[in-house]
Amino acid sequence: MNNPASPSQTPMSFFLTKEAMNRVRRRKAADLRLRLYGLVAIGLAVAMLATLFVSLIMTGYPSFVQTHVTLDVYLDPADIEADSPETGNYRAVIKESLLTLFPEVKNPRQQRALQGLISNGAQYMLRDEVTANPRLIGQTVSLKVPATDMVDQLHKGVISRQLPEDQRKISDQQIAWYDALAASGRITAPFNWALFFNSDSRFPELAGLKGAIAGSFYALAVCFLISFPAGIAAAIYLEEFAARNKITDFIEVNINNLAAIPSVVFGLLGLALFLQFMGLPRSAPLVGGIVLSLMTLPTIIIATRVALKAVPPSIREAALGLGASRQQVVFHHVLPLSLPGVMTGAIIGLARALGETAPLLLIGMNAFITSDPGGLMDPATALPTQIFIWADSPERGFAARTSAAILVLIGFLLVMNITAIILRQRFERKW
Amino acid sequence: MFITTLLCLLALSMASFFLFNARARALAVGASSRLHSLPSYHGAYVALRVALPSIAFLLIWSLCQQPLIDRLVMSSLPAEATIGMDKGALDLILSEIKTVADGRIFGEPSPTILAAAEQYKEWRQLGQYALFAGGLGIAFVALYLAHRKLAVEFRARQRVERIVSGLMIFCSLVAILTTLGIVFSLLFEAYRFFELVPWHEFFFGLNWEPQIPLRADQVAGLGAFGAIPVFTGTLLIAVVAILVAGPIGLFSAIYLVEYAEPKTRAVIKPTLEILSGIPTVVYGFFAVLVVAPAITAFGQRLGIEMAPNSALAAGLVMGIMIVPFISSLSDDAIRAVPQAMRDGAYALGATKAETIVSVLLPAALPGIVGGFLLAISRAIGETMIVVMAAGLIANLTANPFEAVTTVTVQIVTLLIGDTEFDSPKTLAAFALGLVLFAVTLCLNVIALRIVRKYREMYE
């Protein structure tokens, strides 16, 4: 302090020298640089997020419409018998209706190529329609059938006409037919309800998410039924009743670690314990739900504990003072007051479970299943595993379907998270 | 039958609640002294006593029934039909019996199989009846025992609370049971693997080709199980991910805590958090659809030879995924540094950047390191991105432009499709899982300990 050379005695001119000014400028520049690094980092992260969404929407949105071809189908009684409409030769009927549009096509190979414009599923759609309404037999009906994947891609501009013929799946002749159909107004692209109401299929134009949505619903229902009550009970015990000792410490460390174990390890547990040891069926939403519930449990426990902690002690003391037992305090007062927070945590945990893929792959929920599951024990897929299956499929149309399925999945996640946010904002009490 | 029995039991339990609620009330009217507990506690006591043991029986029985019946059926087969057969052949017979019992008969099963299928159906039917009868029987016995306790002075509330406490304790033990389940199932299967393949070959071998038999006299007879290239591949991708996520996460946390206006922060922080809410399968598809082609095209322009499923693409996307991890943990760590330390630095004339670099970051270092460790553990255990975007073939290289495989990719590819539990191929996945579990557990424990210790330092 009494050092005569202390900075307080430095003459003012010291700060005005050129070096000093440069130093200040450099220091300020360094400050600006750090600020810029931060902005660039945030910019990169946000740009990646934007790229992710834009690319998914760009590839996915065409899948929400599906190219259809309108055919005038004469339901020939020679092909379809009135007393057993489900066994009729619908393939021939569809073929005939195409040939009447293009009578010049005689060569069988060319006829097959012409048939290639129409989805293989058309005959089954027609069969279902006629079976439901057999009086149609003998009449001519106008029917919208899905076009095959390649026509769909051509219509949406994904396949370029400029490509040489040998580099695309669709031939020049087929493009000419398509143009003729389009010119006569027979090509339409209505909203693709099949995406939501069909189950999986080998043909992209027929594949839908119904089975996957049902499978995810069942698995999440099981997950909720197990992890919600168990999670709340565990959280109440640990937060309100447990004595602070080695055992509860151990349980707590355990719960925190469980939250950080890679999800694929839970899949291994499900495979070894539930499938191999207990002999539960493969691909079943029940097993998927149990595995997901074990993963969701820590999330719900942690969220519930936070919500319970937020209830002020005065509530507990007042209830105790009026003669309530400790359990009555918790179940009659503390838990109801913290319920919005608990529900928020549960919804967020379920949303995370909905997007979880790896454990479901290991217990076989990635099978190719063309019917939707009727119950908890039926083989099923889930939304994320369906995305995985489609992403692996080589057909062009599945790339778009995958993006569309992702958009559907993200839509569900968005709804769940927004519900959680609203719940928190509307009902959570500030003390 | 399970659902029916469960519904019956729940209905019975509910009915007994209302019945005993009413009876306790009636008891109170005529009695000279007051009821010890509220009538609803009398009802709840009986309802819990009815429901809990019978539902526990239901669960245990339906879990044990299948293995029990399988064993019974197999032992009922005549000895000459199964003589000299190994486990695989026996399993085949069992599944044939089951398909025949379900009525799906292919070809012409032998008379022994047909007889066994009949037997199987009979036992299964019997098991179903036993489930129903046992569940209801236990419920009624419990009802009778509980009903005798109904009295004015019966301490029903205490009994109910004791049962509820027991249930809550059981639920908190589920976490421990899950960990135990994981540890034991991994240890058990990994042990069987190391019986087939020596552990030093697994941990130090340089050749990972589980699908292809290399030489006939090989211990496993199925392939090579040297996991070193798998481990290095995992590390390579994790390193790329951290190199991407580390700077982005740390710098954005610094900006958000020290520079950003509260309003900007309120917008940007949740936006970054979205990155961690996106399912990983979506990132995987994004990597395949956008990032990998872009990187390959970029590499071609620079004249670098690049695999379409390069470690770079997978690591990059994984890096994006763990940005919010690093940024929010660093954010917490920097914000936890006491304001006094900032004020001290400013008072000495330090600029913001100088304060951050020489005061805040050193002070927050343990928290930041903890965050990085958690992020590394995340990156090592991440599955879907690498399953979709990384390679399948083990490749011992440190070149991020080549395709490498990871532990999680191998686990998934070894277990998708067939799961014969006695081939070393399947069991190898459990050995890898054990390594993965052990490594991530260590990283988590260390990270959590560092973070907690550091937090205590300033509190």
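The values are calculated or read from the model by the stated rules, or taken from the named source; none is laboratory data. Since the structure is predicted, the reported quantities are computational estimates derived from the model, not experimental observations. All Cβ positions, even for glycine, are placed from backbone atoms using ideal geometry, and neighbour counts span all protein chains on display. To get the accessible areas, we keep the full protein, side chains included, count just its heavy atoms, and leave off ligands, DNA and RNA. Shrake-Rupley method; radii C 1.70, N 1.55, O 1.52, S 1.80 Å.
Between residue A:427 and residue B:162, the simple label model (points 7 Å from Cα in the Cβ direction) yields a spacing of 3.5 nm. Near residue A:395: Cβ cut-off under 10 Å, other residues only, Lys/Arg at +1 and Asp/Glu at -1. The net charge is +2.
Using θ = phi - 60° in the Karplus curve 6.51 cos²θ - 1.76 cosθ + 1.60, the 3J(HN,Hα) couplings for region B:138-147 round to 4, 4, 6, 4, 5, 4, 5, 5, 6, 5 Hz; x is entered for Gly and Pro. In the elastic network of chain A, a GNM with C-alpha springs shorter than 10 Å, the most mobile of A:66, A:139, A:115 is A:139.
Any idea what angle helix A:285-310 forms with the longest principal axis of chain A, computed on alpha-carbon atoms, 0 to 90 degrees, nearest 10? The answer is roughly 30 degrees. Partners of residue B:352 within straight-line reach, counting lysines whose Cα lies under 20 Å from its Cα and excluding those fewer than 8 residues away in the same chain: A:28, B:263.
Work out the FRET efficiency for residue B:199 and residue A:30 from their Cβ-Cβ distance, taking R0 = 45 Å, and round it to the nearest 0.05. Between residue B:199 and residue A:30 the formula returns 0.30.
The charge dipole of chain A, taken about the Cα centre with unit charges on the Cβ atoms of Lys, Arg (+1) and Asp, Glu (-1), comes to about 2460 debye, rounded to the nearest 20. Taking label points 7 Å from Cα along the Cα-to-Cβ direction, residue A:110 and residue A:132 give a separation of 3.7 nm. Of the GluC sites (Glu not before Pro) found in region B:221-317, those that fall in a DSSP loop while having at most 14 other beta-carbon atoms within 10 Å are B:305. Counting Cβ atoms of other protein chains within 10 Å of each Cβ in B:163-169 and taking the mean gives 5. Since only B:278, B:430, B:323 are under comparison, the one whose Cα sits farthest along the positive direction of the charge dipole of the protein assembly as shown, derived from C-beta charges on Lys, Arg, Asp and Glu, is B:323. Amide H contacts under 5 Å for residue B:208: B:226, restricted to partners 5 or more places along the chain or on a different chain, H placed in the peptide plane at 1.01 Å from N. The B-A contact accounts for approximately 6400 Å² of buried accessible area, totalled over both chains at a 1.4 Å probe radius. A Förster radius of 56 Å, combined with the Cβ-Cβ distance separating residue A:371 from residue B:26, puts the computed FRET efficiency at roughly 0.55. Under 16 Å of direct C-alpha separation, and excluding same-chain neighbours fewer than eight residues apart, residue A:95 reaches these aspartates and glutamates: A:72, A:76, A:79, A:104. Go ahead and set up a Gaussian network model of chain A, Cα springs under 10 Å, then flag whichever of A:58, A:295, A:278 fluctuates most. Between A:58, A:295, A:278, it is A:278 that shows the largest mean-square fluctuation.
Applying a DSSP loop filter and a limit of 13 other Cβ atoms within 10 Å to the trypsin sites (Lys or Arg not before Pro) in region A:112-216 leaves A:161, A:202.
Legend: distances between Cα atoms for A:144/A:169; A:246/B:269; A:106/A:156; A:210/B:425; pairs beyond 32 Å are A:246/B:269; A:210/B:425.
Of the chymotrypsin sites (Phe, Trp or Tyr not before Pro) found in region A:167-245, the ones in coil according to DSSP and having at most 15 other Cβ atoms within 10 Å of their Cβ are A:193.
State the answer as a single residue: which of A:331, A:164, A:362 lies farthest towards the positive end of the charge dipole of chain A, with beta carbon charges of +1 for Lys and Arg and -1 for Asp and Glu, about the Cα centre. The residue sitting farthest along the positive end of the dipole is A:331. Extending 7 Å from Cα along the Cβ direction at residue B:124 and again at residue A:20 yields two label points whose distance is 9.4 nm. Each residue of region B:135-175 gets 63 Å³ once the volume of the Cα convex hull is shared out per residue. Ordering B:390, B:266, B:408 by the projection of their Cα atoms onto the charge dipole of region B:224-458, which places +1 on the Cβ of Lys and Arg and -1 on the Cβ of Asp and Glu, puts B:266 at the extreme positive end. Relative to the Cα centre, the charge distribution of region A:268-381, modelled as +1 at Lys and Arg Cβ and -1 at Asp and Glu Cβ, gives a dipole magnitude of about 400 debye.
In order along region A:96-111, the phi-based Karplus estimate (6.51 cos²θ - 1.76 cosθ + 1.60, θ = phi - 60°) of 3J(HN,Hα) comes to 4, 5, 5, 5, 5, 6, 10, x, 6, 7, 10, 4, x, 5, 5, 4 Hz; Gly and Pro are listed as x.
Secondary-structure-derived ellipticity at 222 nm for chain B, considering helices only, amounts to -25500 deg cm²/dmol, per-run term -39500 (n - 2.57) for DSSP H runs with n ≥ 4. Taking trypsin sites (Lys or Arg not before Pro) as exposed when DSSP calls them loop (any state but H, G, I, E, B) and at most 12 other Cβ atoms lie within 10 Å, what is the longest stretch of chain B free of them, the sites themselves excluded? Counting at most 12 other Cβ atoms within 10 Å as exposed, the longest clean stretch of chain B is B:216-459.
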